[in-house]
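Take a look at the structure set out below.
The values are calculated or read from the model by the stated rules, or taken from the named source; none is laboratory data. On a predicted model such as this, the values are computed, not experimentally measured, just so you know. FYI the Cβ positions are ideal-geometry reconstructions off the backbone, even for glycines, and counts take in every protein chain you see.
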Amino acid sequence: MKGYLTAFSLECKKIFSSKGFWIFAIVILVLCLIVTASFKSLGELVEGMDDSVLQGGEEEMTAAEMAKVYEAQLEAYRDAVESGEVSTKISDKTETKLKNMIAICEFCAENDLDINKLITLGNLGSLNMSSADYVTLVSQITFAFVAIMAIVLAAKVFAGEIEDGTMRMQLTRPIRRSVLLTAKHTAVFATTMALGIVYLVLFMIIGAVFFKGSLMNVLIVDEYQNVAVINPYTAILLMTLFSAVTVEVLIQFTIFIGGFITKTGALAIPLVLYLFAESIASLLYNTGLPWVGLFTNLEWIKGLTPDGAPIKGMSIYTMIAVTTVWFAGMTAANYLMFEKRDLK
């Protein structure tokens, strides 16, 4: 344990002393501050509008009344598609959006919730420009760059140090290879996630000071029109946990690739695959195609909701099982590869 802690602290110092780490940190901060300024301006522009965009006058509509309006819009849209006025697409986004809004309105009506005092996350967005919206947006940007940073650091501290001979020098100390690999792995994860969490706290403070609605509960709706309500801090925590899993997967994969090829390849392959996966996810998101995967099912958070929200898809148990198998398999493969690697 002492050898691991010593190696871990040395790896963390090495990462924190590198220029690349702080360049990434500054880039993330600048981008998020630009988004903050834009977000605040947009919030002032649409001040007074509610999420439903149906207020239109001094008298607010009830959730049941909103549902009828959206149902009429959906019917009109389907007629327009059928008549050829609107071009058809596979799983059209507009139809999905209207279905989601109907589901949200019906959910609020059935559970006696004021839809004008809730915010929405996901493909519906929110026009209230609340602090929860702001924190969610900038956190997504932050953790996307944190994931890229994790790939760069993992390639540098593993494949890079094997390539330049630094790893061989480190192993002259009385430390096992497996302990050194674990120290490098956890140091990259801890430093990148620490930066993400520091920024998350900073943005939560900025959100609480400059944006309204910090205590509004959050509506979540999936592509199957199932609805859940959770508090904004739970939503942010879940997003952070998902980001942590993503970062861990990328570090494991980068280390694995780095055991067979040069630093350049160990950096390029995971980075290209990650950006490709993000592009595919964005394409599916923007075209309204149903999410089919481990994280489609939100049933596992129903304990955090007032009445529960059973969501179709794969269960939390399947998600945990697949994630555990991946982590165990990649960890074993990395240890085996590192033990067999000729560092001379």
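Scan the stretch 252-281 residue by residue and report those that are touching a residue at least 24 places away in the same chain (Cβ under 8 Å) and of a type in the set (Ser, Thr, Tyr).
THR254, THR262, TYR274
VAL201 passes all but one of (1) touching a Lys or Arg at 6+ places or on another chain (Cβ under 7 Å); (2) free of Cβ contacts under 8 Å to residues at least 40 places away in the same chain; which number fails?
(1)
Could you say whether any residue in the stretch 179-190 is under 19 Å from PHE24 (Cβ atoms), in a helix (DSSP H, G or I), out of contact with any helix residue (DSSP H, G or I) (no Cβ under 6 Å at 6 or more places or on another chain) and small (Gly, Ala, Ser)?
yes
Please work out if ASN286 is surrounded by 14 or more Cβ atoms within 10 Å (Cβ to Cβ), modelled with pLDDT under 60, of a type outside the set (Val, Ile, Thr) and within 27 Å of GLY196 (Cβ to Cβ).
Values: surrounded by 14 or more Cβ atoms within 10 Å (Cβ to Cβ): no; modelled with pLDDT under 60: yes; of a type outside the set (Val, Ile, Thr): yes; within 27 Å of GLY196 (Cβ to Cβ): yes.
So ASN286 does not fit the description; no.
With ALA154, ALA228 as the choices, which residue is closer than 21 Å to TYR335 by Cα, surrounded by 23 or more Cβ atoms within 10 Å (Cβ to Cβ) and in contact with a Leu (Cβ under 9 Å, 6 or more places away or on another chain)?
Values: ALA228 fails: closer than 21 Å to TYR335 by Cα.
Being closer than 21 Å to TYR335 by Cα, surrounded by 23 or more Cβ atoms within 10 Å (Cβ to Cβ) and in contact with a Leu (Cβ under 9 Å, 6 or more places away or on another chain) holds for just one of ALA154, ALA228, which is ALA154.
Just to check your reading of the model, which residue among MET314, MET337, MET319 is modelled with pLDDT of 80 or more and farther than 21 Å from ILE141 by Cα? It would help to see each step written out before you state the result.
Values: MET314 fails: modelled with pLDDT of 80 or more; MET319 fails: modelled with pLDDT of 80 or more.
The match here is MET337.
This table checks each residue for (1) at pLDDT 85 or above; (2) buried (at least 17 other Cβ atoms within 10 Å of the Cβ); (3) on the phi > 0 side of the Ramachandran plot.
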position: SER38; (1), (2), (3): no, no, no
position: GLU58; (1), (2), (3): no, no, no
position: GLU65; (1), (2), (3): no, no, no
position: THR94; (1), (2), (3): no, no, no
position: LEU98; (1), (2), (3): no, yes, no
position: MET101; (1), (2), (3): no, yes, no
position: ILE115; (1), (2), (3): no, yes, no
position: THR120; (1), (2), (3): no, yes, no
position: GLY125; (1), (2), (3): no, no, yes
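Could you check the stretch 19-30 and list, in sequence order, the residues that are within 27 Å of VAL179 (Cα to Cα) and either touching a residue at least 60 places away in the same chain (Cβ under 8 Å) or of a type in the set (A, V, I, L, M) (or both)?
GLY20, PHE21, listed by residue number.
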